[in-house]
Amino acid sequence: MNAPAQQSSDPLEADVWARLATVSDPELDESVAAMGFVDTVQIDTNGEVQIGFRLPTYWCAPNFAFLMAHDMREAVESLSWVSTAIISLRDHCNAKEINHGVNAGLSFGDTFPGQTAAELDKLRATFRRKAFKRRQELLLRHLKGADMTPQQLCAMHMRELAALSLENDEALHLRARYQEIRGEFGGPAGESDLAFTTDSGEILTPDSFDDYLQELRRVRVNAEFNANLCRGILQTRYDETAEK
């Protein structure tokens, strides 16, 4: 079944697409489903799920492709009714190696001799840090646009952020995305801890707030440019709309 089935009324297919929606391109912090990378989902009667995906170019970085394939398999296999998930990358220069490695449960280093799992972990951490900055900037700009002052935002605690009455689904989505990653960066993230700090846990001040937002904006704009470029290349390569 192809990508339009993301809205399928079949509950099992809906489960699979929901899990795929949690898997991101590590560089872009965008869902592989929303990006249009996943183009087929097939479910067998024995609980085996076959997932086909493709990327914008034949030479997309193999480490990124491996991460996405690995994360898709883990996400789908977390469903209680799934016996196994088989990932099939196609139209890629390293498709054979990646498909074999991911489906055999091999590490990146075993799949590509000479590479190490530590290198892949470092890459993932680098892009998760960028994702933190991008999500934080989007939420801060939204709250500032809703007439919250830099003083209020710099002093806000996690419990106050969670208790905010937000006006629409977009705002709720931005908050949820930020809360999901806040515990990974910025220091302690308990209810009494500050909601907004730098990725290394430094306290924000009203005087430096606008400059800090500009710094974060550069990270977001770069990621969004790359995401739009990928969508355009994918659309051209397969002569279809990349985002379903």
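From largest to smallest, the equivalent ellipsoid semi-axes obtained for the chain from the alpha-carbon gyration tensor read 35, 20, 18 Å. With the convex hull drawn around the C-alpha atoms of the stretch 93-145, the volume per residue stands at 104 Å³. Across the stretch 88-214, the volume of the C-alpha convex hull divided among the residues equals 161 Å³ per residue.
Ligands, DNA and RNA excluded, the heavy atoms of E77 present near 60 Å² of accessible surface to a 1.4 Å solvent probe. The Cα-based radius of gyration of the stretch 21-148, divided by its Kirkwood radius, gives an Rg/Rh of 1.04. Per residue, the accessible area of the chain comes to 50 Å², computed with a 1.4 Å probe over protein heavy atoms only.
Normalised by 2.2 N^0.38 Å, with N the number of residues, the alpha-carbon radius of gyration of the stretch 16-82 equals 1.08.
Estimated at 0.36 nm per residue, the fully extended path between L12 and D193 surpasses their Cα-Cα distance by 61.2 nm.
Calculated FRET efficiency, D121 to E215, Cβ-Cβ distance, R0 = 22 Å: about 0.30 to the nearest 0.05.
A quarter of the convex hull surface defined by the alpha-carbon atoms of the stretch 143-216 gives 4.7 nm² as the mean projection.
Find the centroid of the Cα atoms in the stretch 59-134 and in the stretch 144-179, then give the distance between the two in whole Å. Rounded to whole Å, the Cα centres lie 33 Å apart.
The values are calculated or read from the model by the stated rules, or taken from the named source; none is laboratory data. These figures come from a predicted structure and were not determined experimentally. Every residue, glycine among them, receives a Cβ derived from its backbone with ideal geometry; neighbour counts consider all protein chains shown. Remember, those area values only see protein heavy atoms, side chains included, never the ligands or the DNA or RNA. Shrake-Rupley method; radii C 1.70, N 1.55, O 1.52, S 1.80 Å.
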